[in-house]
1. Magnitude of the Cβ-charge dipole of region 1-136, K/R +1 and D/E -1, about the Cα centre, nearest 20 debye?
2. Accessible area per residue for region 136-190 in Å², computed with a 1.4 Å probe and the full protein assembly in place, what is it?
3. Filter the GluC sites (Glu not before Pro) in region 142-174 down to the DSSP loop ones having no more than 10 other Cβ atoms within 10 Å, then list what survives.
4. Just flag the GluC sites (Glu not before Pro) in region 30-72 sitting in loop per DSSP whose Cβ has no more than 13 other Cβ atoms within 10 Å.
5. Counting other Cβ atoms within 10 Å, keep those with at most 13, restrict to DSSP loop, and tell me which trypsin sites (Lys or Arg not before Pro) in region 1-59 are left.
6. Could you check how much of the accessible area of the chain is carbon and sulfur, as a whole percent, using a 1.4 Å probe?
7. Separation of region 107-176 and region 36-66 by C-alpha centroid, Å?
8. Let me check I've understood the local charge: for Ala146, count other residues with C-beta under 10 angstrom from its C-beta, Lys and Arg +1, Asp and Glu -1. What total comes out?
Amino acid sequence: CEGYGLSEASPVVALNPPVGRRVTGSVGLPLPGLKVRIIDEAGRDLPAGETGELLVSGPSVMKGYAGQPRETARILEGGWLHTGDLARRDDEGYLFIVGRIKEMLISRGMNIYPREIEEVLEAHPLIKEAAVIGLPDAARGEVPFAFVVPKEGMGITEADLRHACAARLARYKIPRGFRILSGLPRNPAGKVLKQVLRDQAGVIPQAEKGRGGPAGQTPRPGR
């Protein structure tokens, strides 16, 4: 069953029901005893279908980070766990995880969610997996850039990738460039190391992106 969780919520928040209706692509319904909210940048609750930050409250939420009172106060602001994850829910309450706030790109004032682009690329029959990061752009602020791993023995060109994206994405969401790799860098838990990909693309972050805000990024000197 698809589900969603994080260590700060010990560690499962939602799950597609083992018995009952499952919604493909969702992470299911909140577990009994847990409450969730989806809010905008001003902290206002959003209706079904709109994307915002996922907040969680309930008995499984942590009391705090050991020895880190300031970080605890920030994450548990208002008595709700601010997950840093972008989500939406349908009219029946099923949750869909869209991405991470820190990974969201803002291009000419338009929000771009890397996971949406990754899903389009990974739907291609020749692609095994993909990862999308943001690169700085003088005119747009940020633009998406994609790393793609083809399936074994398969060849694919940048033109193929661009065509696949153009068929399913708005023009401003199409990656500015593509890089084909034999595999994506991952940590021991299997999470893609996007900072390593940023290093490979010649970009280092100057300021961490906060909830709903853009990150300052700059090309590495000499590249």
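The values are calculated or read from the model by the stated rules, or taken from the named source; none is laboratory data. From a predicted model like this one, the values you see are computed outputs, not experimental measurements. Ideal geometry is used to build each Cβ from the backbone, glycine not excepted, and the neighbour counts take in all protein chains shown. These area figures cover heavy atoms from the full protein model, side chains too; ligands, DNA and RNA do not enter into them. Shrake-Rupley method; radii C 1.70, N 1.55, O 1.52, S 1.80 Å.
1. On the way: 15 positive and 19 negative charges, 64 e Å.
Here the size comes out at about 300 debye.
2. On the way: 3200 Å² over 55 residues.
Each residue of region 136-190 exposes 58 Å² on average to a 1.4 Å probe.
3. Numbers: sites: Glu142, Glu152, Glu158; in loops: Glu152.
When the GluC sites (Glu not before Pro) of region 142-174 are filtered for loop state and at most 10 Cβ neighbours within 10 Å, Glu152 remain.
4. Numbers: sites: Glu41, Glu50, Glu53, Glu71; in loops: Glu41, Glu50.
Of the GluC sites (Glu not before Pro), the ones in loops of region 30-72 whose Cβ has at most 13 other Cβ atoms within 10 Å are Glu41, Glu50.
5. Numbers: sites: Arg21, Arg22, Lys35, Arg37, Arg44; in loops: Arg21, Arg22, Arg44.
Loop-located and lightly packed - Arg21, Arg44.
6. Details: 6240 of 12090 Å².
Carbon and sulfur together cover 52 percent of it.
7. Result: 28 Å between the Cα centres.
8. Working: positive: Arg162, Arg176, Arg179; negative: Glu118, Glu158.
Value of the local net charge: +1.
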